[in-house]
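What follows is a single structure, and I will ask about it in a moment.
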Amino acid sequence: MGLHHEEEQHPELLHHFAEPEQQRNAASLGMWVFLGTEIMFFGGMFCAYLLYRHWYFGDFGAASKSIDATLGAANTAVLICSSLTVVLAVWAAQTARRALLLAMLCVTMLFGLAFLGIKGYEYYQKFEEHHVPGPSFSFENVPVPGHPGEYANPRHAQIYFSLYFLMTGIHALHMIVGLGIFSWLLLMAWGGRFTPAYHTPVEIGGLYWHFVDIIWIFLFPLLYLIDRHP
Amino acid sequence: MSATNVVPQQQFERETYLNKVYGMWSWLLTTDHKRIALLYLISITFFFFIGGFFALLIRLELLTPAGDLVQADTYNKLFTQHGMVMVFFFLIPSIPAVLGNFLVPMMIGAKDLAFPRINLLSWYLYIIGGVIMLHCMMTGGVDTGWTFYVPFSTNYTNTKFVEAGIAIFIAGFSSILTGLNFVVTIHRMRAPGMTWSRLPLFIWAHYATSIIQLLGTPVIAITIVLVACERALHLGIFDPRLGGDPLLFQHLFWFYSHPAVYIMILPSMGVVTEIIPCFSRKRIFGYSFVAFSSIAIAVFGFLVWAHHMFVAGMSVYAGLVFSFLSYAVAVPSAIKVFNWTATLYKGSIHYDAPMLYAFGFLGLFTIGGLTGLFLAALGINVHVTDTYFVVAHFHYIMVGGAVMGYLGGIHFWWPKISGKLYPEGWARLAALIVFLGFNLTFFPQFVLGYMGMPRRYWDYSHMPEFQVLNVLSTAGATVLGVGYLLPMIYLLWSMRYGKPASDNPWNAAGLEWKTSSPPPTDNFKEEPVVTWEAYNYEELDAPPQALEVPVG
Amino acid sequence: MLNNFPLWPESASTIAHRVDALYIFLLIVAGMMALLICALVIYFAARFRSRPGVRAEQIEGSNALEITWSVIPFLVFMVIFAWGAVVYFQERTPPTDATEVYVVAKQWMWKVEHAEGQREINELHVPVGRDVKLIMTSQDVIHSFFVPAFRIKQDVLPGRYTVEWFHATKPGTYHLFCAEYCGTQHSGMVGSIVVLEPAQYEAWVNGSPNGPLSATGEKMFAELGCSSCHRSDMPGRGPNLQGVFGKPVELADGRTLTVDENYLRESILDPGSKRVRGFQPIMPTFQGLVTEEQVNALVAYIKSISTAGTRIGANAMPSAVSASEGSVSSAAQPNGNQVQQ
């Protein structure tokens, strides 16, 4: 192999890379490309959402208004804070601050759990109100915002709630995967695997977390704030 | 050109990727791209014969106009599962996951793909998807057509669509991970001196393919999720009873499934672009045009999806735009065909089996491409869409083109993969049988299609005038079946009894030929440094002493 | 032209000949291209086969050639594109005065209703030499109405109307196929188009026991209580429907659209979504209360009270007059629509 001397210097260098920088670049390009595929994945749902929102704007507005926007706003705040802690975690890894790294990874995961908790409560509310699509769905006599005397078409509202559950559900699934990644990072960090020379997993794990946040930044106004007026 | 049979004795002691470690787990847990390629080779061959078996039953049913061999529901399951197995479990992974996996790192002078463990994961995902698909087929099956149009698949079929959907979803992620690995590998792992303009065109084709896999596959994945949730959880996205739009499904579906055709054909074009220069002993004609036409196909390929929907209820003006763009994507394909042809000019042409497959590819792909012009013409499309004309057209591309290229590639690189030579006479015979059998099977279907026979018909007893052509087609399918069985037999035979191959039996250009056959685990003994352009056949053929200068 | 050739479908409509002409043109162009490539490949392969002592001549490529074989095919493609587009526009644009036939598809049959009231299953009788427009919808999954002899095909979707038309040129019986896979008996969803000489067709029409479709619709219009709001004699709670068909209408949200079959259908089944400006959202939905056939009858009725108006210009004309004309013509003559056309 002829690389033994290098392997001693860089224990994390995999055998098929010539140098650590190549490995780092490959990992980070890989994550960016993967996030590109994720955009296409969510893109299909955004596309469906935009079509129906254009067709059934009033009904979507009415359905959107039935969701507790404060919960959504709280979740937005939680995720923005978690992005900050992720950045701090990456910085801690770069500058060999192990305690800070561990703390920030933990805080990030707590934010993630808080997000899921709030989301779960929101789902519970929707369940109580019979807004879950299916045989028990009910959305009768809900006025369309800004059009007195008009009521939302329950069938169109059902499309809205289908999209709402799918988009937030798949986003939440990504959040759960993120928590898995961060547990693994925490374990590695606990074992002292990260050094200023090698902390690529923290970086690309962080990229993933930011991506999940950004998706939420789009979901929040699209789903919660369609036609709200003070 | 006859292969060099003189093999140095030490080959048998030489450590190769095949003999380095033994045992089942050394294969099932390998991260070596070459071993993973062989795992894929075995598994896709398995699915190819399952899909082929379904095809045979379909053709037998259509031998007579009445529905007499199988029940209507069985027939619907047969063509559905034939499509799903062939598209998602054979054609999509065929060349990229087998030849691409084996060759991409070697051609660019890397020791492995950028993410070997992800590579192994993608094979496991494929296998998990495949096992679920098999389970689905054995416990009832699915009858939605591989296109699983809503609202039939969401609300009306009583077969196991959700399970088939999960299988395809998982196999899709296998495809995404393969594409991701290739893109990163081609960007980051090239050997010193291997600039973009020196890359073999096989690599350019795989780069373009990977882009499609990365950008297209997630869209089919989410489409499957939407349909499965609508079916299983009673969500309503496409349901017309709620005001949903079934056409939205078709847009999402074809946004992937049209470019998916290019996932199948681009790698095949890449293979042919390697074979033709080698057996013409020439540089490829117009390197940069061939390279950029691959990228152009990948990009334009994303803009033509709705040409599958000209009669679906779309606006006339949308039809115009998509018809125009479909003609635009035909241009880069035409460029490739002309460049291959021009490469032959003033060459020194050898008729070895891989070259025969490449000739076959040229003929069948040309017919497939030209009949695409018929389908893209709006006025004709209305008449021939959803008939056997379409069936014939896409089989010419996806079987005539893609499988011909795949078999050509398997033969071309077989000495490198296995270290053995296959029996040349049998290989030439198989190429001929496949070509003739293929044309006999599918050419009559063009005529059937223009006569108006709709696809997916189990029983055509109301229109007995279609029988003669169907008999021809079934006869051809039998010949084709023999043609596909032959290579499997003699290639397997050669693994044990074939003559050992030299490192470069074709005297071909390319880094993969500069290492031993079969290659060592790390591909090269020393990291290669590239100082030559691709397809430097002039240098290879010039001085006799240039023949044996292995880098590895 | 090719009607006696066994491998060629019959051509029995005006469009069929146009499609065939383009198809033959394409056969020639594609055949020439295929021959050219095959001839070159075979010639090169034979002429430049490897010979001892003869080495290949290395050629880099040629930009001039590359541009030639990109531009020339592209120009040929554009000719095909333009020709195909023209034929497509003809296929997709029904003449305004075509005879209208309503088609409802379901697993696995075609239900046909003529404006004159005849009902058929898996058969469609039409006269030779007349434009026929099919207004189609599906009760369940997507189907496709395909008549090879006419070279026409159109998917039939649940929840909306799609339209196709033809002008049969030759009496005879032709295949009708469902071309979009629709389940178990997809291949059994076939039927016949029977093209009759005008005299035979009149005889066939007169043998029908049913009244015209628009009369059925008029009866339903009264029975369902539509007429209590959509009044023609005085301003009602709903818009006056006399003469609305084919006219632009302004919606409550400010958009303007032209009243067509799909808009009428949507307004019956989902009245809230595209409400006419100046009216309250009080109309109940009829989704689930009326069958597809009944919707067709209502649409046919509303169109029948507009046909006179569309000719003369409903705006200039007192609606009461056009109303009486419409009802007289549809009540007194079974073939009211055709006579006007």
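From B:Tyr357, B:Tyr422, B:Tyr406, B:Tyr396, which residue is touching a helix residue (DSSP H, G or I) at 6+ places or on another chain (Cβ under 7 Å), in a loop (DSSP other than H, G, I, E, B), surrounded by 22 or more Cβ atoms within 10 Å (Cβ to Cβ) and among the aromatic types (Phe, Trp, Tyr)?
B:Tyr422
Inside the stretch B:476-535, can you point out the residues that are of a type in the set (A, V, I, L, M), in contact (Cβ under 8 Å) with a residue 60 or more places away in the chain and under 24 Å from B:Met404 (Cβ atoms)?
Within the stretch B:476-535, B:Ala477, B:Leu486, B:Met488, B:Leu491, B:Met495, B:Ala501, B:Ala508, B:Ala509, B:Ala534 meet the criteria.
Of the numbered conditions (1) outside any loop (DSSP other than H, G, I, E, B); (2) at pLDDT below 95; (3) within 14 Å of chain C (Cβ to nearest Cβ), B:His251 satisfies every one except a single condition; which is it?
(2)
Let me ask something additional. Taking the criterion of being surrounded by 21 or more Cβ atoms within 10 Å (Cβ to Cβ), within 9 Å of another protein chain (Cβ to nearest Cβ) and at pLDDT below 95, would at least one residue in the stretch B:162-180 satisfy it?
Within the stretch B:162-180 (the criterion being surrounded by 21 or more Cβ atoms within 10 Å (Cβ to Cβ), within 9 Å of another protein chain (Cβ to nearest Cβ) and at pLDDT below 95), the answer is no, since none of the residues qualifies.
Does B:Leu320 count as assigned to a helix (DSSP H, G or I), facing another protein chain (nearest Cβ under 8 Å) and out of contact with any Lys or Arg (no Cβ under 7 Å at 6 or more places or on another chain)?
So B:Leu320 passes the test.
Go through the stretch B:128-161 residue by residue and tally those that are β-branched (Val, Ile, Thr), in contact (Cβ under 8 Å) with a residue 60 or more places away in the chain and buried (at least 21 other Cβ atoms within 10 Å of the Cβ).
Number of matching residues: 4.
Then there is this: Taking the stretch C:246-288 only, how many residues are farther than 24 Å from C:Gly217 by Cβ, surrounded by 14 or more Cβ atoms within 10 Å (Cβ to Cβ) and acidic (Asp, Glu)?
So the answer is 0.
Within the stretch A:151-199, work out how many residues are within 12 Å of chain B (Cβ to nearest Cβ) and either in contact with a His (Cβ under 6 Å, 6 or more places away or on another chain) or in a helix (DSSP H, G or I) (or both).
Count: 17.
Turning to a different aspect of this structure: Could you tell me whether the stretch A:88-101 includes any residue that is within 25 Å of B:Leu252 (Cα to Cα), hydrophobic (A, V, I, L, M, F, W, C) and more than 9 Å from every other protein chain (Cβ to nearest Cβ)?
no
So which strands (runs of 3 or more DSSP E) are wholly in the stretch C:111-230 and hold at least 1 residues that are closer than 26 Å to C:Glu91 by Cα and within 14 Å of chain B (Cβ to nearest Cβ)?
On the way: elements: C:119-121, C:123-127, C:131-138, C:143-147, C:152-156, C:162-167, C:172-178, C:191-196.
By residue number, C:123-127, C:131-138, C:143-147, C:152-156, C:162-167, C:172-178, C:191-196.
In the stretch B:40-97, which residue that is of a type in the set (Ser, Thr, Tyr) and in contact with an Asp or Glu (Cβ under 8 Å, 6 or more places away or on another chain) is nearest to B:Leu125 (Cα to Cα)?
Filtering first and then ranking leaves B:Thr80.
Next question, about the same structure. Among the candidates C:Ser232, C:Ser228, C:Ser187, single out the residue that is surrounded by fewer than 18 Cβ atoms within 10 Å (Cβ to Cβ) and either within 23 Å of C:Gln287 (Cα to Cα) or more than 18 Å from the chain's Cα centre (by Cα) (or both).
None of the others qualify; the one that does is C:Ser228.
I'd like to know if the stretch B:190-197 contains one or more residues that are in a helix (DSSP H, G or I), within 14 Å of chain C (Cβ to nearest Cβ) and either under 30 Å from C:Gly272 (Cβ atoms) or in contact with a helix residue (DSSP H, G or I) (Cβ under 9 Å, 6 or more places away or on another chain) (or both). Don't jump to the end; show me each part of the working.
Residues of the stretch B:190-197 in a helix (DSSP H, G or I): B:196-197.
From the residues that got through so far, the ones that are within 14 Å of chain C (Cβ to nearest Cβ) too are B:197.
Filter once more, so that each one left must be either under 30 Å from C:Gly272 (Cβ atoms) or in contact with a helix residue (DSSP H, G or I) (Cβ under 9 Å, 6 or more places away or on another chain) (or both): B:197.
Within the stretch B:190-197 (the criterion being in a helix (DSSP H, G or I), within 14 Å of chain C (Cβ to nearest Cβ) and either under 30 Å from C:Gly272 (Cβ atoms) or in contact with a helix residue (DSSP H, G or I) (Cβ under 9 Å, 6 or more places away or on another chain) (or both)), the answer is yes, since at least one residue qualifies.
Another question, if that's okay. Which one of these is in contact with a helix residue (DSSP H, G or I) (Cβ under 6 Å, 6 or more places away or on another chain), of a type in the set (A, V, I, L, M, F, W, C) and surrounded by fewer than 24 Cβ atoms within 10 Å (Cβ to Cβ): B:Val299, B:Val382, B:Val331, B:Val321? Walk me through it before giving the result.
Details: B:Val299 fails: in contact with a helix residue (DSSP H, G or I) (Cβ under 6 Å, 6 or more places away or on another chain); B:Val382 fails: surrounded by fewer than 24 Cβ atoms within 10 Å (Cβ to Cβ); B:Val321 fails: in contact with a helix residue (DSSP H, G or I) (Cβ under 6 Å, 6 or more places away or on another chain).
Being in contact with a helix residue (DSSP H, G or I) (Cβ under 6 Å, 6 or more places away or on another chain), of a type in the set (A, V, I, L, M, F, W, C) and surrounded by fewer than 24 Cβ atoms within 10 Å (Cβ to Cβ) holds for just one of B:Val299, B:Val382, B:Val331, B:Val321, which is B:Val331.
Just to be sure, is A:Leu110 touching a residue at least 60 places away in the same chain (Cβ under 8 Å), of a type in the set (A, V, I, L, M, F, W, C), more than 30 Å from A:Ala152 (Cβ to Cβ) and part of a helix (DSSP H, G or I)?
Here the answer is no, as A:Leu110 does not meet what is asked.
Considering only residues of the stretch B:109-150 that are of a type in the set (Ser, Thr, Tyr) and part of a loop (DSSP other than H, G, I, E, B), which is nearest to the other protein chains (Cβ to nearest Cβ)?
Here is the first cut: in the stretch B:109-150, the ones of a type in the set (Ser, Thr, Tyr) are B:122, B:124, B:126, B:139, B:144, B:147, B:149.
Filter once more, so that each one left must be part of a loop (DSSP other than H, G, I, E, B): B:139, B:144, B:147, B:149.
Details: B:Thr139: 19, B:Thr144: 8, B:Thr147: 8, B:Tyr149: 6 Å.
Among those that are of a type in the set (Ser, Thr, Tyr) and part of a loop (DSSP other than H, G, I, E, B), it is B:Tyr149.
Further, regarding this structure: Checking the conditions here, which among B:Leu121, B:Leu99 is out of contact with any helix residue (DSSP H, G or I) (no Cβ under 6 Å at 6 or more places or on another chain) and at pLDDT 95 or above?
On inspection, the qualifying residue turns out to be B:Leu121.
When you check A:Lys126 against the structure, is it more than 12 Å from every other protein chain (Cβ to nearest Cβ) and either farther than 20 Å from A:His156 by Cα or in contact with a Pro (Cβ under 9 Å, 6 or more places away or on another chain) (or both), yes or no?
No.
Right, another one. Quick one: in the stretch B:198-226, which of the residues that are within 12 Å of chain A (Cβ to nearest Cβ) and of a type in the set (S, T, N, Q) is nearest to B:Tyr256 (Cα to Cα)?
Here the residue is B:Thr217.
For (1) more than 24 Å from B:Gly286 (Cα to Cα); (2) within 7 Å of chain B (Cβ to nearest Cβ); (3) surrounded by fewer than 16 Cβ atoms within 10 Å (Cβ to Cβ); (4) in contact with a Lys or Arg (Cβ under 8 Å, 6 or more places away or on another chain), each residue gets a yes or a no:
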{"residue": "C:Ile24", "(1), (2), (3), (4)": "yes, no, yes, no"}
{"residue": "C:Ile28", "(1), (2), (3), (4)": "yes, no, yes, no"}
{"residue": "C:Ala34", "(1), (2), (3), (4)": "no, yes, no, no"}
{"residue": "C:Cys38", "(1), (2), (3), (4)": "no, yes, no, no"}
{"residue": "C:Tyr43", "(1), (2), (3), (4)": "no, no, yes, no"}
{"residue": "C:Phe48", "(1), (2), (3), (4)": "no, yes, no, yes"}
{"residue": "C:Arg55", "(1), (2), (3), (4)": "no, yes, no, yes"}
{"residue": "C:Gln58", "(1), (2), (3), (4)": "no, yes, no, yes"}
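To continue, here is another question. Take C:Leu7 and decide whether it is within 9 Å of chain B (Cβ to nearest Cβ) and closer than 30 Å to C:Gly129 by Cβ.
So C:Leu7 passes the test.
So that you can scan it fast, the table gives a plain yes or no per residue for (1) within 25 Å of C:Leu269 (Cβ to Cβ); (2) under 29 Å from the mean Cα position of the chain (by Cα); (3) exposed (fewer than 13 other Cβ atoms within 10 Å of the Cβ):
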residue	(1), (2), (3)
A:Pro135	yes, no, yes
A:Glu140	yes, no, yes
A:Tyr151	yes, no, no
A:Arg155	yes, yes, no
A:Ile159	yes, yes, no
A:Leu163	yes, yes, no
A:Thr168	no, yes, no
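Given the condition surrounded by 23 or more Cβ atoms within 10 Å (Cβ to Cβ), touching a residue at least 40 places away in the same chain (Cβ under 8 Å) and more than 7 Å from chain B (Cβ to nearest Cβ), answer yes or no: does some residue in the stretch C:71-81 qualify?
For the stretch C:71-81, residues surrounded by 23 or more Cβ atoms within 10 Å (Cβ to Cβ), touching a residue at least 40 places away in the same chain (Cβ under 8 Å) and more than 7 Å from chain B (Cβ to nearest Cβ): absent.
Examine the stretch C:68-77 for a residue that is over 25 Å from B:Pro277 (Cα atoms) and in contact with a Ser or Thr (Cβ under 8 Å, 6 or more places away or on another chain), and state whether such a residue exists.
No: the stretch C:68-77 contains no residue that is over 25 Å from B:Pro277 (Cα atoms) and in contact with a Ser or Thr (Cβ under 8 Å, 6 or more places away or on another chain).
Looking at B:Ser293, B:Ser257 in this structure, which one is part of a helix (DSSP H, G or I), within 14 Å of chain C (Cβ to nearest Cβ), out of contact with any Ser or Thr (no Cβ under 6 Å at 6 or more places or on another chain) and of a type in the set (Gly, Ala, Ser)? Give the derivation first.
On the way: B:Ser257 fails: within 14 Å of chain C (Cβ to nearest Cβ).
When all the criteria are applied, what remains is B:Ser293.
The values are calculated or read from the model by the stated rules, or taken from the named source; none is laboratory data. It should be emphasised that the depicted structure is a prediction, and the values quoted were computed from it without experimental measurement. Every residue, glycine among them, receives a Cβ derived from its backbone with ideal geometry; neighbour counts consider all protein chains shown.
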